[in-house]
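K.L.:
Would you mind keeping the following structure in view while I ask a few things?
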Amino acid sequence: MLQERRRLLRAPGVEIGPTIRCNELTTTGHNPAMARTKQMRGLIALACVVGQPACTTGRGAADEHDGQSTEGTEDDSDDGEGPVAGLDRDALGPMGLRRLSRAELSRTLTDLVGPLPAGLIDSIPGDAETPFDNDYTTQDPSPALIDGLFAMSAAVADHVLADPDRRATVLGCTPSGPDDAACLRAFATSFARRALRRPISPAEGDGYAAFISHGVEEGEFDVAATMVIEAVLMDSEFVYRIETGELVADQPSMSRLDDLSMATRLSYLLWGTGPDEALLLRAEQGELSTSAQVREVAEAMLADRRGLEQLQRFHAMWLDYDDLPQGSALELAMRLETDALVERVVAERRWSSLLTLEQSYLSPALAVHYDLGVEVFAPGWVDYPDARRAGILSHGAFLAVGEKFGDTSPVERGKAVWTRLLCEPMPPPPPDIDSGVPPAGDPTACKPERYDMSQRAECAACHTIVDPIGFGLENYGPRGQWRTHEPGRPQCSIEGRGEVAGLGAFAGAPGLGALLADSGRVHTCAMRRLLQFSLGRAPTAADADAVDALARRFETSDDMLDAVLALASSDAFRHRVVETNE
Amino acid sequence: MKTPMTRNHDHRPRVRRRAFLRGLAGSTLALPLLESVGPRTARAGGLDALPRRYVVMVGGTEQNYTVPSSTGADYTMPTGLASLAAVQDRITLVSGLQVPTPSGPNAAIPPGGRGHTLHGDIMPPLLTGYRTPMYAQYQDPTSDQVVAASFDAPTPFGSLQFRAQPHNYKGSNGGTGGVISARADGTNLTPQTSPRLAWEQLTLGVAPDDPAEAAAQLRHIARQRSVLDLVLEHGNHTKARVSQADAIRLEQHFDELRDLETRLDQLGGGGITGTCEPIADPGPDPTQSNHPSTEHGGTTGYSNETLRSEIFVDLVHMALACDLTRVATFQSTIEQCFMSTGPLWGVNLEVHDVTHVDFPERAQVWADIMSWQASFFGRLVAKLADSFEDGVPLLDNTVVVYTNTGGQSGHGSYDMTMAVAGPPQVLVRGQHIRAAGAMPCHVLQTAMQAVGVFDDFGEVPGIVPQLLV
């Protein structure tokens, strides 16, 4: 396989690094999964791993498909209920085994044992962000992971058993002594059921209960309880999302997920944590077998606060503001502002308002920071007093993404819009370009002149696309402050006008937001990323039908909840194509 | 210092389960030759008598101020490596190295080269000698894993991977994400970033002096073993319920669990004995503090990477001296390092900014950063030189290679300098060698040969002959 991969990478005509890219394009936020292959990955027919995209102005297709639109097919599912056009059972490509991300681990453990002390899961290695933190193609096991899991398990046990109230709640019984095997068995069966997300067999219960001998040896019940917690949290069924189901006739690599697997899949997609007791019960009672049943459950889950928080996380990772520091009250207010906007556009089922809403959730300090000219006495929704701002594109959280060289970077901002919001490809600069140094030229000149990178054709290809987008947002300082001229250069007034290739000209965040919202391209991009988030890998050609179907639906409905529900309850989501050697 | 002695070796044959598991994936997953044969005989006389050891150490910054002005002996240590002056006679610098880049905008990546001069693609060709798609993770084995597979040593740890910088602080830090070690099957080995956890793992076999405590520790290890037994038993049941592809992925996870199991077996039965000296409990891991980042706004972090590095280096030394492992990697900071320069150098920037931003003290700060990163290599070399095994300095049976991530004066990868220390009967010491046009993988291959591993390495195999005695 290794040799085969090398052959692919190094064969004549398959170049792995022709680079057309120019000055100051970002060096972070890449997608390693896109270019990554290895033994296991070779099992997947990856169409996206070699070659690099060039700057284009077409609809985004960096990691995907042939661009062919596919009409929705008739439902051919086994239950015949609730079909979602275009999301039939074979609409998605193969999916690999997924490990819980660090964030998922944290939330799952919190659900199991209550709030965790700071640093409890620090022993777990961090996740790659591609841009999401759940990309299974980057989840290699390692000694550090195993050691980290072992340390985490022991720390959770200590945490649970050190506090009498917490201990009583988690154990669920009061041990009569170090040899109380019945209590240990009851605790183990209950704890493992929630953690492993399935019923525990009597034989498994016996296995855990056998730890009582160690409790007896040490004269302490909690020694055995510790071992149960460690064994459960080290179990592969806890650490990984094990999916099982019934093979589909004539489709040897496809199975229809059983209800318990469906509960886990739903729960991690919609809540970012494992199923709660109610969801487990529904799965055990066979209430996740049809599309309609899944939709009903998913609707309830999305109505839960955890559903909203998961959608906020999805947007934050997608649009790259999840890692922004929140050390100051102002930074925290910026994040709250954007989270509130996401909450509102989701709840009001008008998602494009994310780009166009003429109100914002502001703290008094943030209103001053933005120089709004209106008094804000307490955090809340505020009407923008003029047409300078609208939607997320005027938020400090989003705008800070493009901060560079002590000021805004039109290139980085343009790139953020182009690659993040529009899912368009962006190749690296030529090998002799150092994107980390400020643009060459007269340092006293105004920014448009300094950022003129049209001299080299291979630079112009991308800069003529991304720079005009960024310049249209130049009226906003590095953290979103309004400004009319470049800092320290009163002679350099800011025009604040830009252009998106293929869409047209705009002025400021309101203009850009309206342009993007009307184009439908952001809707398509959002669905590509939603699919990526749900699959744990970048979309490939095999997922093209699903992307198209979701995008069409979302563009029409403008309703993120509807889109998520459509995906979650679709036949495609209720089936799994496993990786094969083909 | 007290002379560490190696513990009694367990020469029980180890079943290399990975070899079996790879077979599950079908005939296309044939084992590389390296892993299907035993260790080869060292060329150099005297090395066979004692265990050979191999360490690769990496900084995380585009190097500068690291090329001496003269070659041969008696060169003046450059400012970027000033911290190595104390071990100058024990090491050799090799400069003039390069990782090649495409000849033009649309040219292909040359063999062993990188696609451009950004951060994201330097690490794989630097440490494997293979070109790799931009921002990709490692797809080929790093030299430490080639050596570890060749050694196949009966030690509790097949190899160690440590990194001092615990968090990215911001950004994604290129495609390799702070990993500097990868197996032949493409598995990227995430490093341990917690000194405390590393210490706990390495000292698991250190028996307390108090017999009661020692007995309690043995019972504790036995309990951990029981937990792992149950986890692996459950794993087998789980594996039987899933697809073949999922089962293979699970087996990779179980491989690591079995390695832990083996460690418990080896260390739990008495552990480290004799006069091998474990280091003291390092205490809790240093916590992160945040500092202004004037170039980008906001803040960035520092987690006392100095102390973390010192502990990790001491742990590597201990692990080698106690024969807990014979192969290790260590990285002080992640490539394209976003660590704050405030606490150590008094400038409110990120380390990466120093390679870009002009300010009056820039040259000195940059050199100081280089020297700080190199100092951990110097620390290990000094400790190995001062430790003895059967009367022979550990350094005489250990090869330590140090490199930073690029050079010079920016983000290029030309005129890079690497430092090497090792057996004097094999590797020259106290020299500055100019190896213009050679590649870092050639230094690594030479280092591999110095510990008796003669496999070709990288796409453009070769050595730096001047490095050899």
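K.L.:
Quick one: count up the residues across the stretch B:86-132 that are within 8 Å of chain A (Cβ to nearest Cβ), of a type in the set (Val, Ile, Thr) and touching a Gly at 6+ places or on another chain (Cβ under 7 Å).
P.N.:
Matching residues across the stretch B:86-132 total 3.
To keep it simple, each residue is scored yes or no on (1) open to solvent by 20 Å² or more (accessible area, probe 1.4 Å); (2) over 21 Å from residue B:225 (Cα atoms); (3) assigned to a helix (DSSP H, G or I).
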site	(1), (2), (3)
A:179	yes, no, no
A:194	yes, yes, yes
A:205	no, no, yes
A:214	yes, no, yes
A:217	yes, no, yes
A:224	no, no, yes
A:229	no, no, yes
A:256	yes, yes, no
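K.L.:
To continue, here is another question. Are any residues in the stretch A:527-582 within 14 Å of chain B (Cβ to nearest Cβ) and charged (D, E, K, R), and if so, which ones? Talk me through it step by step, then tell me what you get.
P.N.:
Step one: list which residues in the stretch A:527-582 are within 14 Å of chain B (Cβ to nearest Cβ), which gives A:536-538, A:575-582.
Result: A:537, A:576, A:579, A:582.
K.L.:
For the stretch A:366-467, please list each of the helices (runs of 4 or more DSSP H) lying entirely inside it that holds at least 3 residues being buried (at least 23 other Cβ atoms within 10 Å of the Cβ). Step through it out loud before you land on a result.
P.N.:
Numbers: elements: A:396-399, A:410-415, A:447-450.
Counting at least 3 such residues, we get A:396-399, A:410-415.
K.L.:
Answer yes or no: is there a residue in the stretch B:197-205 that is at the interface with chain A (Cβ under 7 Å from one of its Cβ atoms) and either more than 16 Å from the chain's Cα centre (by Cα) or touching a residue at least 24 places away in the same chain (Cβ under 8 Å) (or both). Show your work before the answer.
P.N.:
Our first condition is that a residue be at the interface with chain A (Cβ under 7 Å from one of its Cβ atoms); within the stretch B:197-205, this holds for B:197, B:201.
Checking which are either more than 16 Å from the chain's Cα centre (by Cα) or touching a residue at least 24 places away in the same chain (Cβ under 8 Å) (or both) leaves us with B:197, B:201.
Checking the stretch B:197-205: at least one residue is at the interface with chain A (Cβ under 7 Å from one of its Cβ atoms) and either more than 16 Å from the chain's Cα centre (by Cα) or touching a residue at least 24 places away in the same chain (Cβ under 8 Å) (or both).
K.L.:
Please find, among B:444, B:384, B:468, the residue that is hydrophobic (A, V, I, L, M, F, W, C) and open to solvent by 10 Å² or more (accessible area, probe 1.4 Å). Let's see the steps before the verdict.
P.N.:
On the way: B:444 fails: open to solvent by 10 Å² or more (accessible area, probe 1.4 Å); B:384 fails: open to solvent by 10 Å² or more (accessible area, probe 1.4 Å).
Testing whether each residue is hydrophobic (A, V, I, L, M, F, W, C) and open to solvent by 10 Å² or more (accessible area, probe 1.4 Å) leaves just B:468.
K.L.:
Go through the stretch A:531-578 residue by residue and tally those that are part of a helix (DSSP H, G or I), in contact with a helix residue (DSSP H, G or I) (Cβ under 9 Å, 6 or more places away or on another chain) and small (Gly, Ala, Ser).
P.N.:
10
K.L.:
Run down A:175, A:143 and say which single residue is free of Cβ contacts under 8 Å to residues at least 60 places away in the same chain and within 14 Å of another protein chain (Cβ to nearest Cβ). Steps first, please.
P.N.:
Details: A:175 fails: within 14 Å of another protein chain (Cβ to nearest Cβ).
Going through A:175, A:143 in turn, just one is free of Cβ contacts under 8 Å to residues at least 60 places away in the same chain and within 14 Å of another protein chain (Cβ to nearest Cβ): A:143.
K.L.:
Now, a different point. What are the residues in the stretch B:344-373 that are surrounded by fewer than 17 Cβ atoms within 10 Å (Cβ to Cβ) and either more than 17 Å from residue B:306 (Cα to Cα) or within 14 Å of another protein chain (Cβ to nearest Cβ) (or both), if any? Reasoning before the result, please.
P.N.:
Looking only at the stretch B:344-373, we keep the residues that are surrounded by fewer than 17 Cβ atoms within 10 Å (Cβ to Cβ), and these are B:346, B:348, B:358-361, B:363-364.
The answer is B:348, B:358, B:359, B:360, B:361, B:363, B:364.
K.L.:
Of all residues in the stretch A:96-117 being assigned to a loop (DSSP other than H, G, I, E, B) and farther than 19 Å from residue B:192 by Cα, which is nearest to the other protein chains (Cβ to nearest Cβ)? Write out each step before concluding.
P.N.:
Going residue by residue through the stretch A:96-117, those that are assigned to a loop (DSSP other than H, G, I, E, B) are A:96-97, A:100-101, A:114-117.
Filter once more, keeping what is farther than 19 Å from residue B:192 by Cα: A:96-97, A:114-117.
On the way: A:96: 7, A:97: 4, A:114: 23, A:115: 20, A:116: 17, A:117: 13 Å.
Restricting to residues being assigned to a loop (DSSP other than H, G, I, E, B) and farther than 19 Å from residue B:192 by Cα, the top hit is A:97.
K.L.:
Taking residue B:266, is it at the interface with chain A (Cβ under 10 Å from one of its Cβ atoms) and within 26 Å of the chain's Cα centre (by Cα)? Before the answer, list the steps.
P.N.:
Numbers: at the interface with chain A (Cβ under 10 Å from one of its Cβ atoms): no; within 26 Å of the chain's Cα centre (by Cα): yes.
Against the criterion (at the interface with chain A (Cβ under 10 Å from one of its Cβ atoms) and within 26 Å of the chain's Cα centre (by Cα)), residue B:266 does not qualify.
K.L.:
Further question on the same structure: For a quick check of your reading of the model, give me the residue pairs whose first member lies in the stretch B:214-227 and is under 11 Å from residue A:231 (Cα atoms) and within 8 Å of chain A (Cβ to nearest Cβ), whose second is in a helix (DSSP H, G or I) and hydrophobic (A, V, I, L, M, F, W, C), with beta-carbon atoms closer than 6 Å and at least 6 apart or on different chains.
P.N.:
Cβ pairs passing all conditions: B:223/A:227; B:224/B:264; B:227/A:227; B:227/A:231.
K.L.:
Of the conditions (1) open to solvent by 50 Å² or more (accessible area, probe 1.4 Å); (2) at pLDDT below 95, residue B:263 fails just one. Which one is it?
P.N.:
Only one criterion in (1) open to solvent by 50 Å² or more (accessible area, probe 1.4 Å); (2) at pLDDT below 95 is unmet by residue B:263, namely (1).
The values are calculated or read from the model by the stated rules, or taken from the named source; none is laboratory data. Note that the structure is predicted; figures quoted are calculated from it, not measured. Here Cβ is always computed from backbone atoms with ideal geometry, including for glycine, and neighbour counts include all displayed protein chains. The area values use the complete protein model at the heavy-atom level, side chains included, leaving out ligands, DNA and RNA. Shrake-Rupley method; radii C 1.70, N 1.55, O 1.52, S 1.80 Å.
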